Amino acid sequence: MSATRMMILGVVQWMQPVHGYDVRRELLSWSADKWANVQPGSIYHALRKLAEEELLREVKTEQVGARPARTTYEITDKGVAEFDSLLRGTWWNISAAPDPFLAGFSFLPALPREEAVAALRNRAVQLEAGNQQLRAAIDADWAKNKPVYVTWMWELTMARSEAEIAWCRRIADLVESGVEMVKFD
């Protein structure tokens, strides 16, 4: 399931009629590029593809001055059905996003013990910094103009990060204490 596909259909349904630029701006204001992997450069392509699949309808295209042409979209009945299906799939099914860290962690013994400890502690620091950024965003006036559930999503992200921070510290302490691991030669 493509989160980008679902999110674009949902934003168009919510804001329609809407220009692609406004869809992009809204998704980026939610930081969807970070937590849903919605890449800003893929949004316009996805809008065109969804229109080709008749999930969206191009309402009009207009050009003002020397600016690029802007197409306005609406969702079709077929698009509403697709959005509903994708949405319910995300709510009723658990799917773990691939995390490249897990692939690297599976080769923990390939790193010198001191480097593994430093990397785990550094990961905890980076996660803490991310949580501080989210906390600042939640506390900012900007967040007051967003639906409350955007804040709830960020709170979930922070709670997951807090669990990983504690895990990183615990594993760093274990590795540092000399816990026996398989050696890579």
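Key figures for this structure:
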item: Within segment 74-96, tally of residues that are of a type outside the set (Ser, Thr, Tyr), open to solvent by 80 Å² or more (accessible area, probe 1.4 Å) and either touching a residue at least 12 places away in the same chain (Cβ under 8 Å) or assigned to a strand (DSSP E or B) (or both); result: 1
item: One residue from 144, 183 being closer than 20 Å to residue 32 by Cβ and at pLDDT below 90; result: 144
item: Filter result for residue 90 (touching a strand residue (DSSP E or B) at 6+ places or on another chain (Cβ under 6 Å) and at pLDDT below 90); result: no
item: From 175, 179, residue being among the aliphatic types (A, V, I, L, M), assigned to a loop (DSSP other than H, G, I, E, B) and within 30 Å of residue 109 (Cα to Cα); result: 179
item: Residue pairs meeting the criteria (Cβ under 9 Å; at least 6 apart or on separate chains; first under 29 Å from residue 95 (Cα atoms) and open to solvent by 20 Å² or more (accessible area, probe 1.4 Å), in segment 1-26; second among the acidic types (Asp, Glu) and assigned to a helix (DSSP H, G or I)); result: 5/82; 6/82; 14/26; 15/22; 15/26
item: Leading residue by the ranking (least open to solvent (accessible area, probe 1.4 Å)) among those in segment 27-73 that are assigned to a helix (DSSP H, G or I) and among the charged types (D, E, K, R); result: 33
item: Yes/no for residue 125 being open to solvent by 30 Å² or more (accessible area, probe 1.4 Å), aliphatic (A, V, I, L, M) and not in a helix (DSSP H, G or I); result: no
item: Cβ-Cβ under 6 Å pairs, at least 6 apart or on other chains, segment 109-121 side in a helix (DSSP H, G or I), far side surrounded by 15 or more Cβ atoms within 10 Å (Cβ to Cβ) and among the acidic types (Asp, Glu); result: 117/176
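The values are calculated or read from the model by the stated rules, or taken from the named source; none is laboratory data. These figures come from a predicted structure and were not determined experimentally. Positions of Cβ are backbone-derived with ideal geometry, glycine not excepted, and every protein chain shown enters the neighbour counts. When the accessible area is computed, the model is the full protein with side chains, heavy atoms only, and any ligands, DNA or RNA have been set aside. Shrake-Rupley method; radii C 1.70, N 1.55, O 1.52, S 1.80 Å.
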